[in-house]
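As structure tokens, the structure follows; a few thoughts come after it.
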Amino acid sequence: LVFDRDLSFGGSQLTNLIESHYGLSATEAERKKRSRDLPAGYESSVIAPYLANTALEIERGVQFFHSSSGRQRVSKIILSGGGACITGLARAVSSQTGIACELASPFDGMTIKSEQVNKRLRREAPAYYFAAGLAMRRFLA
């Protein structure tokens with residue numbers, strides 16, 4: 001890892017967009033986002049612009065890296081956090097930047113016995129990246 005950057009957008013920004021677009025409370029918008037219980041047209045009216053804007057912000061981060069480090073090559077972008085779980089984000093970032101993009105998974109190499117828990121953890125893995133890192137400090141110290 002050569003460069004990491006926290007960006008002040010992600011899942012909460014999407015929740016805010018849902019809230020304003022559909023006139024929902026923040027709690028209701030978050031619930032509907034997580035359950036994927038949103039009206040027809042959600043993909044084109046909310047998700048598509050969100051993905052495009054997020055990919056553009058990440059591309060700006062890559063440009064900042066190039067200008068501040070003097071390095072010209074980025075081999076991979078790894079997305080983490082709850083917003084990284086949004087379907088299509090890795091594809092949008094890769095398309096915008098021309099750089100391979102993948103989702104961070106703190107559970108790679110772990111055996112999880114419950115298949116139901118395993119499916120959910122794999123689907124939401126990027127959201128647990130920070131918490132898993134904090135938990136591992138105890139074992140790595």
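The values are calculated or read from the model by the stated rules, or taken from the named source; none is laboratory data. Note that this is a predicted model, so its numbers are computed, not measured. In this analysis, Cβ positions are derived from the backbone assuming ideal geometry, glycine residues included, and neighbour counts consider all displayed protein chains. Calculation scope for accessible area: heavy atoms of the full protein, side chains included, ligands and nucleic acids excluded. Shrake-Rupley method; radii C 1.70, N 1.55, O 1.52, S 1.80 Å.
Of all the criteria given as (1) aliphatic (A, V, I, L, M); (2) loosely packed, with under 14 Cβ neighbours inside 10 Å; (3) part of a helix (DSSP H, G or I), the one not satisfied by ILE112 is (3). Beta carbons closer than 6 Å, at least 6 apart along the sequence or on distinct chains, never pair a first residue in segment 88-105 that is touching a residue at least 60 places away in the same chain (Cβ under 8 Å) with a second that is small (Gly, Ala, Ser).
Out of curiosity, is TYR42 surrounded by 14 or more Cβ atoms within 10 Å (Cβ to Cβ), aromatic (Phe, Trp, Tyr), under 15 Å from the mean Cα position of the chain (by Cα) and within 18 Å of ARG91 (Cβ to Cβ)? Here the answer is no, as TYR42 does not meet what is asked.
Looking only at segment 75-94, filter to residues that are part of a loop (DSSP other than H, G, I, E, B) and open to solvent by less than 40 Å² (accessible area, probe 1.4 Å); which one of those is farthest from THR54 (Cα to Cα)?
GLY81
So for segment 60-72 (the condition being open to solvent by less than 60 Å² (accessible area, probe 1.4 Å), farther than 29 Å from GLY23 by Cα, in contact with a helix residue (DSSP H, G or I) (Cβ under 9 Å, 6 or more places away or on another chain) and not basic (Lys, Arg)), does at least one residue qualify? Yes, segment 60-72 contains at least one residue that is open to solvent by less than 60 Å² (accessible area, probe 1.4 Å), farther than 29 Å from GLY23 by Cα, in contact with a helix residue (DSSP H, G or I) (Cβ under 9 Å, 6 or more places away or on another chain) and not basic (Lys, Arg).
Cβ-Cβ contacts under 6 Å between residues 6 or more apart (or on different chains), taken from a first residue in segment 33-62 that is free of Cβ contacts under 8 Å to residues at least 60 places away in the same chain and acidic (Asp, Glu) to a second residue that is in a helix (DSSP H, G or I) and surrounded by 15 or more Cβ atoms within 10 Å (Cβ to Cβ), are listed as GLU59/GLN96; GLU59/THR97. Looking only at segment 95-109, filter to residues that are farther than 28 Å from PRO49 by Cβ and open to solvent by less than 30 Å² (accessible area, probe 1.4 Å); which one of those is farthest from the chain's Cα centre (by Cα)? Taking the candidates together, the pick is PHE107.
Taken over segment 115-130, the criterion of being open to solvent by 60 Å² or more (accessible area, probe 1.4 Å) and not β-branched (Val, Ile, Thr) is satisfied by GLU115, GLN116, LYS119, ARG120, ARG122, ARG123, TYR128, TYR129, PHE130.
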